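The values are calculated or read from the model by the stated rules, or taken from the named source; none is laboratory data. These numbers were taken from a predicted model, which means no experiment stands behind them. All Cβ positions, glycine included, derive from the backbone under ideal geometry; neighbour counts span all protein chains shown. Surface areas here come from the heavy atoms of the whole protein model, side chains and all, with no ligands, DNA or RNA. Shrake-Rupley method; radii C 1.70, N 1.55, O 1.52, S 1.80 Å.
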Amino acid sequence: MAANFKLTELMVVRCAKEINDKEVVFAGVGLPLVVVSFAMATSAPSMILFTEGGSIRATAPPGLAITVDDPALFANGDATFGMLATMAALQRGEVDVAFIGGAQIDKFGNINSTGVGDIEMPEGFTYFAGSGGANDMATSGKRVLAIMPQDPKKFVEKVDYVTTPGFLDGPGAREKLGMIGGGPTVVVSTMGVYKFDEVTKEMYLAEYFPGQSVESVKANCSFDLKVAPDVKVTEAPTAEELTILRNIDPTGFYLG
Amino acid sequence: MAVTDKRMTLKEAVSKFINNGDTVYYGGFQIMVPMALTHEIIRQKKKDLNIINASTDVGGLDLLVGAKCVKEMHLAWAMNWYVKAPYAIRRAVQSKEIKRYDLSNFGATSAMIAGFLGIPFIPVRGNIGTDIIKHNPTDLKVIADPFTGEQITVVRAWRADVAIIHAQKADYFGNVITWGTRGVTDEFGTMGTKRGVIVTAEEIIEPEITRSDPDRTLVPYFKTLAVVHCPYGAHPSACRGYYGLDIRFSQYQGKYERSKDLLPVFMDEWIYGCEDHAAYIRKYTEKFGQEGLDRLKPILGFKPKLDLDYGYHDPAVWKGVPQYTDEHIKA
C-alpha cells in the first residue's frame, strides 16, 4: 500500500505500536498526546492514559489535546485529579510506559530539555522550557519510550545538560541511585527506531524508515551509532492508519 | 479570617496584596494561567519577585520577566509553547538579571506539598543522578533514608507569601470553585501561602451556591485575600468550560517575546495601554472582531450526570429512646 505520508506521521504510527494494550501510559506534552490517541483508536483500545495535568482516562479524549491539562483530557475522563495523583502512581511504580520527547538525546538515552551551552556560564546558555515532568517519568516509569525528530544536533555524543535520566553513564548507574524504573527501551525518530543493548545499555539502530538507509540515519546522528545485525525497514503506514491519524490532528498542529 | 466580602478591582488587589520582593505562587499550568494578574503586576511595576511554580505556558511568566518584575524563579518548565521558547527568560538568564533554579515537575510540586503540609522538606523520587540536582542545591539534596540507609532525594518546602490564580468561579467571601483538575498544583501552591491568595474568576457567585457543593472548593475563604471578577482573565490560555486556548494570539504575543526591542511595543499596546483587563479584551475585539472571541467558545455538553445529595442524619431522633439490652449483657 503506497500511501503518501509525512515522516512525522510514520513516527507517530510506529511509536504507537510500542504501546501494548491495557498498559498504563504516562504521556508528556506534544507528539506523545497524538500517539496515545492513535494507539487508543487502533492497537491499544484498553490502555489507560495518565498526564501531568492529572487526567486519568481509559478512553481517547473527544478532541485533540494540545496540552497535558487540556480540557479535552477531562471531558468524560475517569478521574480528574491534579498532578499529585498521577505522579504518585509513578512513584509507586504503577506506570508501565513513560512517554516523552526532548531536545537532545545521547547514546545512553539521557535526554536534555533544559537548554544548550554550559549552564555554569549563563551568558552563553540558551534555555529551553526545562524538565517539566520528563525527569519524574523517566526516573520511575517501568520503561521509557521517547519520540524525537532526527537531527545531528539532537542525537549527540553527550547532551549539554542531563535533564532526564537514561542509563546515565552506563550499566548499573540507575540501580546504584535506587531508581525504580527500568530506563529507556525504545526511541522513535523521523528516520528510524532505536533500541538499547541489554549489556552495554547503548542505543543501536533497529529499524530505518522507508526511503532511508543505515548511512542516511548515521549521517543524521552525531555519535558513532551501532546498528543491529538484523536491522530492518519499518513498515509504511497503511491508508487506514493515516486516515485515523489525520482525524486526530486535522489541522496538523502536531503532525505538521 | 473574618467572613467578609472580598471583592475588589484588579488594581486594588495587586496594589494591596503584592509587595516588591514577595515570593509569589504563579498559578495554573499550561492552561488557567493568571494573565490578567500578570498584566496588572506589570502595570504596577512590581519588582524583585521570586516566582515558584511547576510549569507555566503561554508566555505569561516571559512577560513578567521581560517587564523586569522578577528576580528569581524556582520551577520545572516555562515557555510559550506556541513559539516553542521562553525568549525573555532566556535573555534574562543570559544577562544575569534573574536566577533560575530548576527542578522536575514533581520536585516542584513536592516542594509545594511540603509547604502545604507545614513540614520542612519531603522526599521525591525524581531529580537524582541528573544535572538538575547538580545545579540546584538550593532546593534539592540527597540524604540517607533514616530508616533504610538508602539514598533519597529531598526537596525543601516552598511557601509563597502570596498566590495568584485564575479560577472558573469564586464566591464573594473568597471560596474558590474549580472543576476538571484541582488546578494541577494550585491546591498546594495556594494553601501553602503565608499571607493568602488573590483570585481572578470568570464568575462571582453567592456563597450559598458554593455551600451546596463544597467538594468543588479549591481554596476556602480563610486563605483568600481578594476576589476579582475578571472574564477572560486567563486569556490567551484556556479556561475550562469558558474558552479555549487562543493559539493565534499566543503565537502573535510570542513573536514579540522573541525580541527585546519588540517586547516593549507589545507591552505598550496590550498592557500599559489598557487600564484594566476589560480594556485589554475591548482592544482584542477591536483587533480581531467579536468572531475572534467566538472562535474560543468551548464545545459544551459535559455537565455532570451524577445525582447526589449531601444529606445528613439528625441524632435528635434518639431523644427519649431507651437503651436496648437483652439477657446476655444484663449486669
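Structure above, values below:
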item	result
Efficiency of FRET from Cβ geometry, A:Ser46 and A:Asn4, R₀ 41 Å, rounded to 0.05	0.85
Amide hydrogen neighbours beyond the local backbone of A:Ile111, cut-off 5 Å, H modeled	A:Thr163, A:Thr164, A:Gly166
Heavy-atom accessible area, 1.4 Å probe, ligands and nucleic acids excluded: residues of the stretch B:91-115 down by at least 20 Å² from chain alone	B:Val93, B:Gln94, B:Lys96, B:Arg100, B:Asp102, B:Ser104, B:Asn105, B:Phe106
Point-charge dipole on Cβ atoms (K/R +1, D/E -1) for chain A, about Cα centre, debye to 20	260
Semi-axes of the equivalent ellipsoid for chain B, Cα gyration tensor, largest first, Å	39, 29, 18
For chain B, the longest site-free run once GluC sites (Glu not before Pro) in DSSP loop states with at most 16 other Cβ atoms within 10 Å are removed	B:151-274
FRET efficiency for A:Asp197 and A:Asp118, using Cβ-Cβ distance with R0 set to 25 Å, rounded to 0.05	0.25
Drop in accessible area of at least 40 Å² in the complex versus isolated chain, residues of the stretch A:129-163, 1.4 Å probe	A:Ala129, A:Gly132, A:Asn135, A:Asp136, A:Tyr161, A:Val162
Net +/- balance of residues flanking B:Lys283 in space, Cβ distance below 13 Å, scoring K and R +1, D and E -1	-3
Spatial separation of Cα centroids for the stretch B:230-308 and the stretch A:190-206, in angstrom	44
Rg(Cα)/(2.2 N^0.38 Å) for the stretch B:213-331, N = residue count	2.02
Carbon/sulfur fraction of accessible area - the protein assembly as shown, other protein chains in place, 1.4 Å, %	54
Spherically averaged projected area in nm², based on the convex hull that wraps the Cα atoms of the stretch B:70-154	6.7
Surrounding net charge for B:Leu140, when Lys and Arg each add one and Asp and Glu each subtract one, Cβ distance under 10 Å	+1
Options A:Phe5, A:Ala98, A:Pro32, ranked by Cα towards positive dipole end of the stretch A:1-106, top entry (Cβ charges)	A:Phe5
Choice from A:Phe209, A:Phe108, A:Phe81 with maximal GNM fluctuation in chain A (Cα, 10 Å cutoff)	A:Phe81
More than 33 Å apart - percent of Cα-Cα pairs taken over chain A	15
Surrounding net charge for A:Val13, when Lys and Arg each add one and Asp and Glu each subtract one, Cβ distance under 13 Å	-3
Cα-projected label distance for A:Tyr204 with B:His328, points at 7 Å along beta-carbon direction, nm	7.2
Summed buried accessible surface, chains A and B, 1.4 Å probe, nearest 100 Å²	4000
Listed residues B:Leu140, B:Ile329, B:Tyr232: farthest to the positive end of the dipole of chain B (Cβ charges)	B:Leu140
Residues in the stretch B:212-241 that a label on B:Gln251 would reach, taking backbone N under 16 Å of a point 7 Å out along Cα→Cβ	B:236-237
Separation of the B:Lys68 and A:Ala85 label points, Cα + 7 Å toward Cβ, nm	4.5
Diffusion constant of the protein assembly as shown at 20 °C, which comes from Stokes-Einstein with the Kirkwood Cα-pair radius and 1.002 mPa s, µm²/s	86
Contact order relative to length of the stretch A:153-256, as percent, for alpha carbon pairs under 8 angstrom and 6 or more apart	22
Efficiency of FRET from Cβ geometry, B:Lys319 and B:Glu286, R₀ 60 Å, rounded to 0.05	0.35
Cα-centred dipole magnitude for the stretch B:234-328, charges only on beta-carbon of K, R (+1) and D, E (-1), debye, nearest 20	600
Size of charge dipole - the stretch A:54-108 - debye, nearest 20, with Cβ of Lys, Arg +1 and Asp, Glu -1, no other charges	60
Three-way shape call for the stretch B:158-216 based on the alpha-carbon gyration tensor, with the a/c threshold at 1.5	prolate
Nitroxide proxy distance, nm - points 7 Å out along Cα→Cβ at B:Glu203 and A:Asp230	6.1
Angle between chain B longest axis and helix B:247-257 axis [Cα atoms, degrees, rounded to 10]	50
Delta accessible area of at least 40 Å² on complex formation, residues of the stretch A:100-128, 1.4 Å probe, chain isolated as reference	A:Pro122, A:Glu123, A:Tyr127
Per residue accessible area in Å² of the protein assembly as shown, where ligands, DNA and RNA are left out and the probe is 1.4 Å	41
Length-normalised contact order of the stretch A:1-153 in % [C-alpha pairs under 8 Å, at least 6 apart]	21
Positive-pole candidate from B:Ser110, B:Val317, B:His166, dipole of the protein assembly as shown, charges at beta carbon	B:His166
Overall dimensions of the stretch A:1-81 by Cα: Rg and Dmax, Å	12.5, 44
Sequence-distant lysines (8 or more away, or on other chains) whose Cα lies within less than 18 Å of B:Lys47	B:Lys11, B:Lys16, B:Lys68, B:Lys71, B:Lys96, B:Lys99
Centre separation in Å (Cα based) which lies between the stretch A:1-42 and the stretch A:93-164	20
Where only alpha carbons of the stretch B:135-179 are counted, the Rg and the Dmax (Å)	18.4, 51
